[in-house]
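Colleague: Before we start, here is the structure in question, set down as structure tokens.
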Amino acid sequence: MQKTGRTKSSFKAGMYLLETLTSGMYNEPLSIYREYIQNAADSIDILRSQKKKTSMKINIDLDPLDKRITIHDNGFGIPSDIAQKTLSSIGSSDKAHRGLRGFRGIGRLGGVAFSDKAIYRTKAQGENIESIQEWDCKKLREFLADPQKSSLSIKQLFNKTTTFYQQNSRRTSGSYFEVVLEGVTSFRNHIIDIKKVRDYLSQVTPVPFPPECTYSEKLNDFLSKNLNHYGKYEIILNGEPVYKPYQNKVKITKKGYDEIIDVETFIIKLKGKIVAVGWYGIRKDLLGAIARGSGDSGIRVRSGNIMIGDAHILDSCFREPRFNSYTVGEVHVDSPDLVPNSRRDDFVDNETKTLFYNSIERQIGLPISKEIRIQSRLASTGGTINSDNRKNLIKENVETAKNEKQIQNQKLLDNIPDNVTSKEILKEILSNCHNCSHLSNVFSKFLKS
Ligand SMILES: Nc1ncnc2c1ncn2[C@@H]1O[C@H](COP(=O)(O)OP(=O)(O)OP(=O)(O)O)[C@@H](O)[C@H]1O
Ligand SMILES: [Mg+2]
């Protein structure tokens, strides 16, 4: 069929797209805290890069009785001339390619799914204009549930349920961005449960290591030295600062506690470039998994010092998935090729992701798994050994295995009769390794030549 000139585009973005970007995005309602804190941290980074302020905070006020959440930061804010455009763009962001955490232009929509009203209020340094956007989230949900309205476009729905206005502010100094969510509810209301929120913030957000933890300083030094940008922020929940969940002791599932006697640090390199750095705690006894509820078990993955996925993201890198829960630790990724997916529960699929997981398995998961097995075997015969001896034992095992393999290979070579040509040897190997396509290809190449 012949093309007969251009036709007008009939593209339409329907209103249900907004539902996908709000309630459809997050299995865990608490994720909205991660999104707003990520925005606050990005904004603080922008201001820090201009060296205008040193003390910057993120304050969260949670009122479970009034069902209200307020998240306030004194970062860069949004200048009044671009505030409306910035807050009215969905799925595009000025942050892209600026080395900041966000870039998809959707994170701030999270709160819309769990509140009746969302208010974004902001002011930039040196201005006396405050810009405000309000979302009538209740009305938005009513529209989405009404079949009569199903033909609305996303733009029409946005215009019917949001308002933007500006007003004079009393001060020109200072900058801020404030999120107020009113009438907040979620399944079982974890989103307004102060303890649950504190636990979540301490595990997921870029807060400092606790001052009382003896390895905090060592880790701060290591991460500051080896990451391009190691951001940590003062986050205050209802007046109390939030810290990461790490302590000198870990609570064991069976009973009692074990000590973290030191931390081991590591660097993951791919093709000669650093893509991640991390640490894990060395347990004194290493018997039994760390209790789930304590919030510290498992080696966690972080990007921009914000957790990706959950405590089990690296389970598959261990001999047995449960072995990940025997440890505490973090892997901070630092590579433009490891991009968090839009739900931030893993990375976008690509070759670097595969190589990264393989390296974690080889460098971290397998050695730790071996240590756990050695210790539990010893314990079943009534003994245990300390961490240094455990590591030496593994080294010796690896060396012995290597030596045994070498002796075996040598024996095989020695047994080849003198009259056999190398071509015949290659044929013999090829006939036995047809399951390995890579090896077969290599040998076939030699046999042809
Ligand atoms: N706390 C804040 N301070 C200053 N600007 C903010 C703040 N929160 C949001 N913004 C502005 O609103 C925009 C949209 O935020 P949103 O979280 O939706 O997207 P994003 O952060 O750009 O990308 P992502 O979807 O990956 O989070 C941001 O790009 C930023 O310009
Ligand atoms: Mg964001």
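Colleague: Check LYS160, LYS138, LYS149, LYS155 and return the single one that is touching a Phe, Trp or Tyr at 6+ places or on another chain (Cβ under 6 Å), surrounded by fewer than 20 Cβ atoms within 10 Å (Cβ to Cβ), closer than 30 Å to PHE11 by Cα and of a type outside the set (Gly, Ala, Ser).
Modeller: On the way: LYS160 fails: touching a Phe, Trp or Tyr at 6+ places or on another chain (Cβ under 6 Å); LYS138 fails: touching a Phe, Trp or Tyr at 6+ places or on another chain (Cβ under 6 Å); LYS155 fails: touching a Phe, Trp or Tyr at 6+ places or on another chain (Cβ under 6 Å).
Sole residue among the options that is touching a Phe, Trp or Tyr at 6+ places or on another chain (Cβ under 6 Å), surrounded by fewer than 20 Cβ atoms within 10 Å (Cβ to Cβ), closer than 30 Å to PHE11 by Cα and of a type outside the set (Gly, Ala, Ser): LYS149.
Colleague: Now, a different point. Please pick out the residue among ARG302, ARG322 that is touching a His at 6+ places or on another chain (Cβ under 7 Å) and modelled with pLDDT of 95 or more.
Modeller: Working: ARG322 fails: touching a His at 6+ places or on another chain (Cβ under 7 Å).
After ruling out the rest, the residue left standing is ARG302.
Colleague: Need the failing condition index for ASP45 against (1) within 12 Å of ligand 1 (Cβ to nearest atom); (2) crowded, with 20+ Cβ neighbours inside 10 Å; (3) modelled with pLDDT of 95 or more; (4) not in a strand (DSSP E or B), just the number.
Modeller: (3)
Colleague: Exactly one of these conditions fails for GLU127: (1) free of Cβ contacts under 8 Å to residues at least 60 places away in the same chain; (2) loosely packed, with under 15 Cβ neighbours inside 10 Å; (3) not hydrophobic (A, V, I, L, M, F, W, C). Give me its number.
Modeller: It is condition (2) that GLU127 fails.
Colleague: If the requirement is being surrounded by fewer than 17 Cβ atoms within 10 Å (Cβ to Cβ) and of a type in the set (A, V, I, L, M, F, W, C), which of these qualifies: ILE282, ILE268, ILE261, ILE299?
Modeller: Working: ILE282 fails: surrounded by fewer than 17 Cβ atoms within 10 Å (Cβ to Cβ); ILE268 fails: surrounded by fewer than 17 Cβ atoms within 10 Å (Cβ to Cβ); ILE299 fails: surrounded by fewer than 17 Cβ atoms within 10 Å (Cβ to Cβ).
Just one listed residue meets the conditions, ILE261.
Colleague: Check segment 145-159 and report whether any residue there is assigned to a helix (DSSP H, G or I) and touching a Lys or Arg at 6+ places or on another chain (Cβ under 6 Å).
Modeller: No, segment 145-159 contains no residue that is assigned to a helix (DSSP H, G or I) and touching a Lys or Arg at 6+ places or on another chain (Cβ under 6 Å).
Colleague: Within the set of pairs 6+ apart or on separate chains, which have a first residue in segment 86-105 that is closer than 18 Å to ILE37 by Cβ, a second that is basic (Lys, Arg) and within 12 Å of ligand 2 (Cβ to nearest atom), and C-beta atoms under 6 Å apart?
Modeller: Close Cβ pairs satisfying both conditions: GLY102/LYS95; PHE103/LYS95.
Colleague: Working only within segment 93-124, note down all residues that are outside any helix (DSSP H, G or I) and either away from ligand 1 (no atom under 12 Å from the Cβ) or modelled with pLDDT of 95 or more (or both). Break it down into steps so the answer makes sense when it comes.
Modeller: Applying the first criterion (outside any helix (DSSP H, G or I)) to segment 93-124 yields 93-106, 115-124.
Passing the criteria: GLY99, SER115, ASP116, LYS117, ALA118, ILE119, TYR120, ARG121, THR122, LYS123, ALA124.
Colleague: Let me ask you something else. Can you pull out every residue in segment 236-260 that is more than 22 Å from LYS196 (Cβ to Cβ) and in a loop (DSSP other than H, G, I, E, B)?
Modeller: If we filter segment 236-260 for residues that are more than 22 Å from LYS196 (Cβ to Cβ), which is where we start, we get 248-249, 252, 254-260.
If the condition is that a residue be more than 22 Å from LYS196 (Cβ to Cβ) and in a loop (DSSP other than H, G, I, E, B), then ASN248, LYS254, LYS255, GLY256 are the ones that fit.
Colleague: Failed condition for SER55, given (1) under 17 Å from VAL179 (Cβ atoms); (2) outside any helix (DSSP H, G or I), with all others met?
Modeller: (1)
Colleague: If you scan segment 17-35, which residues turn out to be modelled with pLDDT of 85 or more, closer than 8 Å to GLY110 by Cα and near ligand 1 (Cβ under 10 Å from one of its atoms)?
Modeller: Within segment 17-35, LEU21, GLU35 qualify.
Colleague: Of the residues in segment 199-235, how many are in a helix (DSSP H, G or I), touching a residue at least 24 places away in the same chain (Cβ under 8 Å) and within 22 Å of GLY75 (Cα to Cα)?
Modeller: Going through segment 199-235 one residue at a time, the tally reaches 3.
The values are calculated or read from the model by the stated rules, or taken from the named source; none is laboratory data. As the structure is a computational prediction, the values presented were derived from the model and not from experiment. Please note: Cβ atoms are built from the backbone with ideal geometry, for glycine as well, and neighbour counts cover all protein chains shown.
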